[in-house]
Amino acid sequence: MKPKQKNRFASLLDSEKWSSVTIPALSVILSLITASIMLLILGKNPATAFLSFLQGSGFVSKPGYGGGGGMLTDFFTYLNVLAPMLLASLGFVMAFKAGLFNIGIAGQMLAAGFLATAIIGYSGLSAWLAKPLVILVGAAAGGLLGAFVGFLKYKFNIHEVVSTIMLNYIISYLTGFFINDRFADSLTRSMKICSDSARLSWTDVQIAGMKCSIPLGIALALAAAFVVKFIFDKTVFGFELRAVGRNPICARYTGIKVGRRIVVSLMLSGMLAGLAGVTYYCGYYNTIVPKSLAGMGYDAIAVALLGNSSPIGAIFASILITIFQNGSNYMSSTLGVAKEIASLITGILLLFSACGGYFRYLAHRRLERAVDEEAQKAAAESDAPEISENGKEG
Amino acid sequence: MEKVFIDGLSFAAPLFVMAMGGIYSEKSGVTNLAVEGFQGFGAFVGALVAVMLMPILGDGSQTVIYIAMAAAFVGGGIYACIHGLLCVKFRADQVISGVVVNILAVSLTTFLTSAVNKALTGGQSSNKFILGVSDRFTIPGISNIPVIGALFKNMYPYEIVIVVIAVAAWYLMYRTRFGMHLRACGENPQSVDAAGGNVTRTRFIAVMISGALSGVGGICYAYSISANFSPNIYMGYGYLAIAAMIFGNWNILPTAAVCLFFGLAKSGGYQLCLGMGLSSNYSDLFMMLPYILTLLLLTFFSKKNHPPKAVGEAYDAGKR
């Protein structure tokens with residue numbers, strides 16, 4: 001009976017239907033175990049640590065709150081972080097399905113946030129005009145950058161990983177220069193704050209006596225997730241993108257214009273990254289620190305890989321990873337562990353997610369072996385019934 | 001003008017050793033975007049050893065840097081095992097693995113740096129290891145040659161070490177049986193298998209060498225140029241090294257020339273900025289120069305290049 005139990009686990013990992021859920025779940029469990037071991041080595045209780053991550057994100061109430069704050073405050077802050085995280089990971093998924101790696105999300109976010117703040121953030125337009133314009137500018141800036149990367153890949157055969165990383169640094173320095181030269185706040189040395197009418201979050205809203213900042217981006221992000229899902233599942237265009245991702249040479253033979261698909265997929269990816277940028281820099285924050293790229297641009301890759309590079313998976317994965325990222329400050333203050341441990345957990349999660357294919361391969365091999373053994377047993381049984389009696393007992 | 005050469009060379013040498021790391025891995029058929037992570041982790045290990053040793057050997061001691069370089073060599077090599085395991089053993093996607101290794105390196109070193117600092121100083125958690133700056137020296141004689149002579153003035157000791165490593169690495173790759181196998185693994189791994197070589201082992205060792213060389217590059221930046229180890233080590237020089245490798249067509253000597261060109265472009269841009277008397281704000285614009293040059297040059301060279309044929313594929317013994 002015992003080997004059957006083991007095989008049930010293996011068949012869960014290998015089944016067509018469930019492996020998209022079980023493999024990421026296994027990665028999450030393994031990385032939580034690793035994180036717990038690290039916390040134990042540091043002499044901290046892992047259970048309190050994970051609880052404080054949840055408390056910091058407003059899922060569980062804290063023992064005490066400052067003036068005007070509450071659990072909802074934390075939860076809405078969490079949603080404020082979740083929105084750009086989800087959008088950024090959708091951006092990665094969009095390109096990844098077509099076999100492209102958009103590592104430039106951080107740069108595209110920064111460019112979009114900078115342009116939106118500089119063009120709309122100081123214009124003094126009314127909220128009804130400014131907010132859609134911010135979204136529009138963000139999407140346009142990100143989309144143009146993405147299309148440029150796609151163009152370089154299509155026309156000059158430059159690997160998108162190298163070109164996006166170069167662009168990340170170029171954007172970082174370029175915006176840094178303009179912020180320092182034109183838009184710097186004389187006190188904080190970061191960009192002058194984006195006006196509230198253009199900001200994609202309603203700040204200081206009172207809900208049940210608690211001050212909350214309500215993100216508009218979260219609705220945008222969830223809608224985007226379903227749009228991306230629709231594109232890939234239900235449209236010819238999405239199918240062609242997936243075909244290019246699976247095998248570009250085969251796709252070319254079937255008459256798909258591979259080069260154009262590459263450009264368009266990177267453009268859409270950049271647009272989503274641009275949306276992430278405006279919800280991050282003109283929503284969650286309202287300013288930009290010069291010459292610093294958001295770590296979120298890289299965390300988004302972890303989210304996308306953990307979510308099996310599917311848009312719906314990305315929703316769940318971003319919920320999980322944002323808990324770690326957003327709760328890290330509170331965790332650090334209660335336990336005294338450096339808050340960098342949050343990114344470390346993300347990194348380990350990423351490591352195990354990258355091994356996902358191998359886990360599945362192991363499970364598959366185990367099942368095949370079990371089938372072989374059974375076949376051998378059956379063969380032995382039909383040849384010599386006496387031996388099989390002994391075999392059953394043993 | 002002299003300053004351009006001096007700074008250019010001191011920037012180019014570590015870049016070159018990192019690019020060489022990239023070459024080793026890619027020539028064996030493993031795509032290596034992890035150079036950035038390798039150099040950071042190598043630098044971390046080197047810096048950690050240096051910080052531990054400094055109180056023992058005294059602050060001014062110059063032997064620390066050599067020990068730190070050795071530690072970075074070993075540390076980078078060990079860290080590269082992750083990439084090797086993922087790509088060679090676990091057959092994960094090599095580009096994903098590279099990105100994962102980079103992200104993990106950033107978070108791991110940042111976390112460990114603050115944890116170690118906390119343990120060493122008690123309470124104070126800064127994310128920096130303060131390191132020294134190595135002495136410089138001038139080679140008498142050659143340094144008096146006009147223009148080119150400046151390359152031999154005010155040299156860091158690591159520049160000599162890197163030249164020695166480069167010669168050794170070149171010899172290993174082009175003049176030994178192992179190097180032959182390594183290059184064949186990148187072109188036609190099945191033939192290595194047929195000839196009695198071990199593709200898995202060769203590739204794994206190649207990735208480890210790659211990590212070790214990158215680690216040396218990292219500690220050079222940390223120890224001498226920025227004089228500390230902090231998350232700022234992840235400036236994207238690893239990616240710059242990859243770009244240099246691509247122009248260099250995966251060959252060691254042309255790559256060295258490209259690295260030197262990058263170094264001179266960077267220091268030249270900076271001196272130009274100073275020379276024109278612009279405010280420090282403008283230095284940001286000149287800092288973009290190496291990255292823009294990379295993109296520009298890539299547009300010209302990417303199509304003509306011949307990367308190793310089997311790069312990026314997990315080895316499949318049954319494939320024809």
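Laboratory data are not the source of any read-out in this text; all were calculated from the coordinates shown. Because the structure is predicted, anything quoted here is derived from the model rather than measured. Note that each Cβ is placed from the backbone with ideal geometry, even for glycine, and that neighbours are counted across all protein chains shown.
Within the straight-line cut-off of under 21 Å between alpha carbons, the lysines reachable from A:K62 are A:K44, A:K211, A:K339, sequence neighbours fewer than 8 places apart in one chain being disregarded.
Cross-link pairs exceeding 27 Å between alpha carbons, from the set A:K97/A:K131; A:K229/B:K27; A:K17/A:K153; A:K131/A:K153; A:K291/B:K128; A:K153/B:K128: A:K97/A:K131; A:K229/B:K27; A:K17/A:K153; A:K131/A:K153; A:K153/B:K128.
Among the residues of B:290-298, the average count of other protein chain beta-carbon atoms within 10 Å of the residue beta-carbon is 5.
Peptide B:236-245 has a mean shielding of 3, counted as Cβ atoms of other protein chains within 10 Å of each residue's Cβ.
Ordering A:E340, A:E381 from the fewest to the most neighbouring beta carbons within 10 Å gives A:E381, A:E340. The ranking of B:Y79, B:Y66, A:Y285 from fewest to most other beta carbons within 10 Å of each one's beta carbon is B:Y66, A:Y285, B:Y79. Going from the residue with the fewest nearby Cβ atoms within 10 Å to the one with the most, B:D135, A:D299 rank B:D135, A:D299. So if I take the centroid of the Cα atoms in the range B:56-99 and the same for the range A:164-218, what is the distance between those two points in Å? Here the two parts' Cα centres lie 37 Å apart.
Relative to one another, the C-alpha centroids of the range B:220-245 and the range A:11-71 are positioned 34 Å apart. Charged side chains reduced to their Cβ positions (Lys and Arg at +1, Asp and Glu at -1) give the range A:44-354 a dipole of some 680 debye around its Cα centre. Helical content of the protein assembly as shown, expressed as a calculated mean residue ellipticity at 222 nm, amounts to -23000 deg cm²/dmol (DSSP H runs of 4 or more residues, -39,500 (n - 2.57) each, divided by residue number, nearest 500).
Only sites in a loop by DSSP and with at most 13 other Cβ atoms within 10 Å count here; which chymotrypsin sites (Phe, Trp or Tyr not before Pro) in the range A:301-351 make the cut?
none
Averaged over peptide B:92-104, the number of partner chain Cβ atoms lying within 10 Å of each residue's Cβ comes to 6. Globularity index of chain A is 1.16 (Cα radius of gyration / 2.2 N^0.38 Å, N = number of residues).
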